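Report on the following structure.
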Amino acid sequence: MRAVVTGGAGFIGSSLVHAMLGARTQVTVIDDLSTGSMDNVNPTAPFRRLDVTAPGLADAVGAARPDVVIHLAAQVSVPVSISDPAFDWHVNVEGTRAVAEAAVAAGAGRVVFASSAAVYGEPVELPLTEESPKSPAVPYGLSKLAAEVVLAEVLRPAGVDFACLRFANVFGPRQKAEGEGGVVAQFATRMARGERPVIYGSGQQTRDFIYVADVAGACVAAAEFEGALALSGPDGPAYNISTGRKTTVNMLAEGLRVAMRHPGDFDRAPAREGDVEESVLAPDKAAEVFGWRASVELETGLRASAAWFLQQR
Ligand SMILES: NC(=O)c1ccc[n+]([C@@H]2O[C@H](COP(=O)([O-])OP(=O)(O)OC[C@H]3O[C@@H](n4cnc5c(N)ncnc54)[C@H](O)[C@@H]3O)[C@@H](O)[C@H]2O)c1
């Protein structure tokens, strides 16, 4: 299989490229290195430094002759989406349109898109299923939801199959403290420096934390699935990529403290704008349709993350 991975120099993208090369897939990485790094790019994967909103995108995708395009490149910071919603929209919506059009022009059979739990906003029911109401609380969630609509608009008439994978809170090695759901990276970076991590709000807010290798595995499973993904079951192409387990931020902080052997305490600060109180996503649809389930326990993922963050000191 030949694949293009946009955002392949980033946190999730680099794990994904690693997993795909392991599966003997030919992968081309397209990334503008705005938040990603060349250190993350697998040296055996051809690399194009390019903004997905730039005019050269269709040529770059076409040259790779991909069977599948996995689109992870995005403006990923919630605070940036609040301070500069036009930029967030440009990268996440117009960029996704450009990627979808390039995939069609290149004759790709499928697009796999990194969407987000942020499309749901403050949940009105738990666990969130793909059909739950979508009411994004921040521009980032809105741009991800709009990107899902744009994909359908471009890909359906062209007969290109696609899946919108709504990732829960991803964590693991190479994560930056600034990105979406970067709480593990924020805590770990501070702990590794011997500083006190900051917990916003009560710490009793819950999240569905998923280890990055599981998310990479979901992207691979979606890319390789032999049936159709876009029209399978409720909410068409949307699939929650999550563990289905709730963890409070306080529990997470304590688990990481143990994994990092951090002796200190935590600082507390007021809750942040747009932070939802509770979140957990049901992953059943992905299991039923393309046979993927998360398999890494939280503790195992935290230990692997801790080892990496401690090495970065
Ligand atoms: N980390 C999470 O918890 C999480 C949760 C839900 C969804 N996601 C989504 O997963 C994807 C990957 O996120 P990540 O956490 O690995 O973040 P990341 O910042 O590490 O990766 C994003 C990559 O995209 C690249 N990029 C950004 N804008 C670009 C552009 N205009 N053109 C080309 N490349 C560009 C960056 O350089 C970076 O390498 C994103 O689409 C993000 O919205 C992440």
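Structure values in brief
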| quantity | calculated |
| --- | --- |
| Failed condition for Lys144, given (1) in contact with a strand residue (DSSP E or B) (Cβ under 7 Å, 6 or more places away or on another chain); (2) outside the structural domain of Phe225 (by TED's automatic domain parsing); (3) modelled with pLDDT of 95 or more | (2) |
| Residue tally, condition closer than 27 Å to Val154 by Cα and at pLDDT below 95, over region 119-128 | 1 |
| Residue tally, condition within 18 Å of the chain's Cα centre (by Cα), farther than 13 Å from Ser279 by Cα and small (Gly, Ala, Ser), over region 218-249 | 5 |
| Pick from region 153-171, criterion more than 9 Å from the ligand (Cβ to nearest atom) and surrounded by 16 or more Cβ atoms within 10 Å (Cβ to Cβ), ranking: nearest to the chain's Cα centre (by Cα) | Cys164 |
| Qualifying positions in region 228-281 - open to solvent by 80 Å² or more (accessible area, probe 1.4 Å), among the aliphatic types (A, V, I, L, M) and in the same structural domain as Pro197 (by TED's automatic domain parsing) | Met251, Val258 |
| Residue in region 97-104 that is within 10 Å of the ligand (Cβ to nearest atom), closer than 24 Å to Met1 by Cβ and open to solvent by less than 10 Å² (accessible area, probe 1.4 Å) present | yes |
| Qualifying helices (runs of 4 or more DSSP H) (wholly inside region 3-90; at least 2 residues being near the ligand (Cβ under 7 Å from one of its atoms) and under 16 Å from the mean Cα position of the chain (by Cα)) | 11-22 |
| Any hit, region 178-189, residues being open to solvent by less than 30 Å² (accessible area, probe 1.4 Å), touching a residue at least 40 places away in the same chain (Cβ under 8 Å) and of a type outside the set (A, V, I, L, M, F, W, C) | yes |
| Scope region 54-80; condition crowded, with 18+ Cβ neighbours inside 10 Å and over 13 Å from Val29 (Cβ atoms); matching residues | Leu57, Asp67, Val68, Ala74, Gln75, Val76, Ser77, Val78 |
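The values are calculated or read from the model by the stated rules, or taken from the named source; none is laboratory data. As the structure is a computational prediction, the values presented were derived from the model and not from experiment. Glycine gets a Cβ as well: all are built from the backbone with ideal geometry, and neighbour counts include every protein chain shown. Please note that ligands, DNA and RNA were not included when accessible areas were found on the heavy atoms of the full protein model with its side chains. Shrake-Rupley method; radii C 1.70, N 1.55, O 1.52, S 1.80 Å.
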